[in-house]
Amino acid sequence: MLRFLANSLWILLSTPEALRWRQATHRVEAVQREILFQILRRNAVTHYALRISPSIPHSVEEFQRRFPLTTYEDYLPWVERIEAADANVLTAEPVQLLEPTSGSTAATKLIPYTASLKSEFQRGIAPWVVHTFLRDLALLRGQAYWSVTPVTARNRRSPGGIPIGFEEESEYFGRVEGRLIESVMAAPPAVKLIAHMESFRYVTLLFLLRSRDLALISVWNPTFLTLLVEPLTQWAYQLADDITAGTITPPVSLDGDLHRLLSARNRPDPRRGEEIRQILGAPLSPPQRHAQLWPRLRLISCWADANAARYAHALGRLFPQARLQPKGLLATEGFISFPVDGQPGAALSLRSHFFEFIPVEHAADPPLLTHQLEMGGQYEVVITTGGGLYRYRLGDVVEVTGFISQCPLIRFIGRSGAISDWFGEKLDERHVRALLDRALSAQDRTPSFAMLACDDELTPPAYALYIEDNAPDTVIESIRAEVERGLAENVHYAYCRALGQLDALRAFRIREDALSTYMAACVEQGQRAGDIKPVSLHRQSGWSRRFDGNFLPGRDA
């Protein structure tokens with residue numbers, strides 16, 4: 001009953017915003033204009049705004065003329081000032097925290113979060129939550145597992161003392177809503193503070209197994225959950241014993257304060273411990289086992305578009321008792337869309353930010369506005385937010401799949417430019433090129449061909465350095481190791497590695513004809529021969545089947 005009341009109160013608090021979003025679908029152009037000018041008026045006298053425009057533009061068209069399209073590199077000097085605790089830089093509001101995400105020329109970007117930006121995220125979360133729970137009222141009586149932010153170290157701060165990273169998952173949802181969510185979470189928020197990945201998995205599984213009433217799981221990449229449940233049988237009896245006795249014995253011991261904090265949530269439960277022992281000891285297939293462990297699991301929300309589609313389908317087969325809900329498009333920088341069950345795409349979060357869209361086929365100048373999108377069109381998303389990003393190119397490409405009234409329904413189809421993103425690693429070709437140049441220079445090598453690409457046919461998947469060079473294996477291995485160290489500076493790549501979604505970079509020595517093989521493959525994929533350029537990072541897989549060569553044995557553990 002307490003879970004039902006907490007979830008119901010959350011829905012009640014979210015309903016007014018869900019209704020405002022519904023009303024906004026009938027007046028898209030006006031709502032988007034209002035959001036833009038709220039942001040501009042609020043930040044009119046910031047250092048950045050005054051540098052760009054000494055006065056507030058009078059129209060959307062004037063805003064597009066005065067403010068340039070931007071990428072993160074344009075904000076680097078401004079973010080450095082924020083890191084030093086300068087005020088009034090990008091926003092009049094104080095920056096509450098800096099959230100890490102992957103970068104291009106730099107390995108990691110820090111995105112400023114203000115109260116307004118958090119509010120913009122909550123305007124997208126509210127209608128999503130209302131639509132999801134009202135579609136299936138049984139969710140109201142169950143517990144949930146939310147994995148929103150990566151496992152992080154505690155108490156990181158910028159040179160000026162600004163916190164780096166969210167401390168708790170619930171911070172995304174709002175103060176009151178966050179407390180309600182915490183009350184129905186199967187796993188305590190403190191679990192994400194466990195640095196050792198196997199111990200993190202063990203303790204997370206322990207709390208999920210405690211919950212026979214687990215009803216909802218929300219993760220980002222589907223492989224996160226697949227890998228989480230993989231060691232169930234290996235740890236079966238230890239997990240059952242810990243639940244029976246109320247103890248926590250992960251592979252690597254937790255520090256004292258964290259252990260005491262988590263132990264307070266793990267009261268002895270002999271009945272559940274015995275039930276788990278019997279299920280995990282029975283000769284069941286993984287789907288049968290998961291259905292018996294969590295019989296009330298109704299919904300799994302995860303990425304299911306583009307490169308994630310195949311892994312989402314595999315995850316759905318592992319949990320036959322649950323419905324799979326493809327997530328909308330969310331980025332560290334902004335909340336773009338949310339799923340609406342029964343619709344052919346995710347609904348644009350109209351009240352979150354001001355949106356512009358660059359057509360993929362023929363770049364428009366200025367970019368199109370939300371009310372100008374067409375069915376079937378493919379566009380790169382541009383956002384202006386309350387966090388101080390103006391006309392910011394996300395690099396995400398979407399396709400319009402329908403409309404709710406005037407509101408576009410969109411589907412994520414990939415990244416623009418040379419971004420490789422299979423599991424959330426978000427590698428940028430410019431960053432990879434710099435790493436590769438540095439590693440080759442250190443070994444005084446100029447190979448006839450060198451390129452990185454993900455090979456999702458490896459187990460586990462891994463990026464490979466495809467290189468045509470007659471250097472000894474030890475030299476190739478040194479180059480590989482140096483590039484891997486640089487890739488690990490990318491916060492999202494490092495996280496995928498820690499989770500086991502990606503193995504360490506492999507080295508593949510190409511015997512001959514690398515460039516001609518590469519060009520032939522590109523022509524087969526529809527490129528004109530005259531347009532083909534060698535790249536340092538390719539977004540497609542399968543190159544180990546095309547090149548004549550072999551993987552070298554040495555790689556990081």
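Cβ-Cβ contacts under 8 Å between residues 6 or more apart (or on different chains), taken from a first residue in the stretch 524-548 that is modelled with pLDDT under 90 to a second residue that is surrounded by 10 or more Cβ atoms within 10 Å (Cβ to Cβ) and among the β-branched types (V, I, T), are listed as A529/V523; I532/V523; S536/V432; R539/I419.
On the stretch given as the stretch 344-377, residues that are over 23 Å from P127 (Cβ atoms) and in contact (Cβ under 8 Å) with a residue 24 or more places away in the chain total 6. Note on the stretch 483-520: residues that are surrounded by 18 or more Cβ atoms within 10 Å (Cβ to Cβ), assigned to a helix (DSSP H, G or I) and in contact (Cβ under 8 Å) with a residue 24 or more places away in the chain amount to 13. Residues in the stretch 393-416 that are over 18 Å from the mean Cα position of the chain (by Cα) and either under 29 Å from F224 (Cα atoms) or among the polar types (S, T, N, Q) (or both): E399, V400, T401, S405, Q406, L409. Restricting the search to helices (runs of 4 or more DSSP H) fully inside the stretch 1-119 and requiring at least 1 residues that are within 24 Å of G160 (Cβ to Cβ) gives 28-42, 47-52, 72-83. Within the stretch 401-430, residues that are over 23 Å from C302 (Cβ atoms) sit with their Cβ atoms under 9 Å from residues that are of a type in the set (S, T, Y) and in a strand (DSSP E or B), at 6+ positions apart or across chains, in these pairs: D428/S102; D428/S420; E429/S420. The set of residues in the stretch 352-409 that are touching a Pro at 6+ places or on another chain (Cβ under 8 Å) and among the hydrophobic types (A, V, I, L, M, F, W, C) comprises F357, I358, L368, L373, V382, V400, L409. The sole residue among L225, L205, L216 that is under 27 Å from L318 (Cα atoms), in a strand (DSSP E or B), under 22 Å from the mean Cα position of the chain (by Cα) and modelled with pLDDT of 85 or more is L216. Here M519 clears all of (1) among the hydrophobic types (A, V, I, L, M, F, W, C); (2) over 20 Å from G414 (Cα atoms); (3) at pLDDT 90 or above except the condition numbered (3).
What residue, of I336, I279, is buried (at least 18 other Cβ atoms within 10 Å of the Cβ), among the hydrophobic types (A, V, I, L, M, F, W, C) and farther than 25 Å from H131 by Cβ? Spell out the reasoning first.
On the way: I336 fails: farther than 25 Å from H131 by Cβ.
Exactly one of I336, I279 is buried (at least 18 other Cβ atoms within 10 Å of the Cβ), among the hydrophobic types (A, V, I, L, M, F, W, C) and farther than 25 Å from H131 by Cβ, namely I279.
Hey, among H353, H362, which residue is surrounded by 15 or more Cβ atoms within 10 Å (Cβ to Cβ) and not assigned by TED's automatic domain parsing to the domain that holds L284?
Residue meeting the stated conditions: H353.
Has the stretch 149-158 got at least one residue that is at pLDDT 90 or above and under 30 Å from W78 (Cβ atoms)?
Taking the stretch 149-158 and keeping what is at pLDDT 90 or above, we get 157-158.
Subsequent filtering for residues that are under 30 Å from W78 (Cβ atoms) retains 157-158.
Looking through the stretch 149-158, at least one residue is at pLDDT 90 or above and under 30 Å from W78 (Cβ atoms).
In the stretch 56-78, which residue that is aliphatic (A, V, I, L, M) and in contact with a Leu (Cβ under 7 Å, 6 or more places away or on another chain) is farthest from V381 (Cα to Cα)?
In the first step, residues of the stretch 56-78 are kept if they are aliphatic (A, V, I, L, M); the result is 56, 60, 69, 76.
Imposing the further condition that a residue be in contact with a Leu (Cβ under 7 Å, 6 or more places away or on another chain) reduces the set to 56, 60.
Details: I56: 23, V60: 17 Å.
Result: I56.
Of the strands (runs of 3 or more DSSP E) lying entirely inside the stretch 366-469, those containing at least 1 residues that are touching a helix residue (DSSP H, G or I) at 6+ places or on another chain (Cβ under 6 Å) and surrounded by fewer than 21 Cβ atoms within 10 Å (Cβ to Cβ) are 407-415, 449-455.
The values are calculated or read from the model by the stated rules, or taken from the named source; none is laboratory data. For clarity, every value in this text was computed on a predicted model and none was experimentally measured. Here the Cβ is made from the backbone with ideal geometry for all residues, glycine too, and neighbour counts use every protein chain on show.
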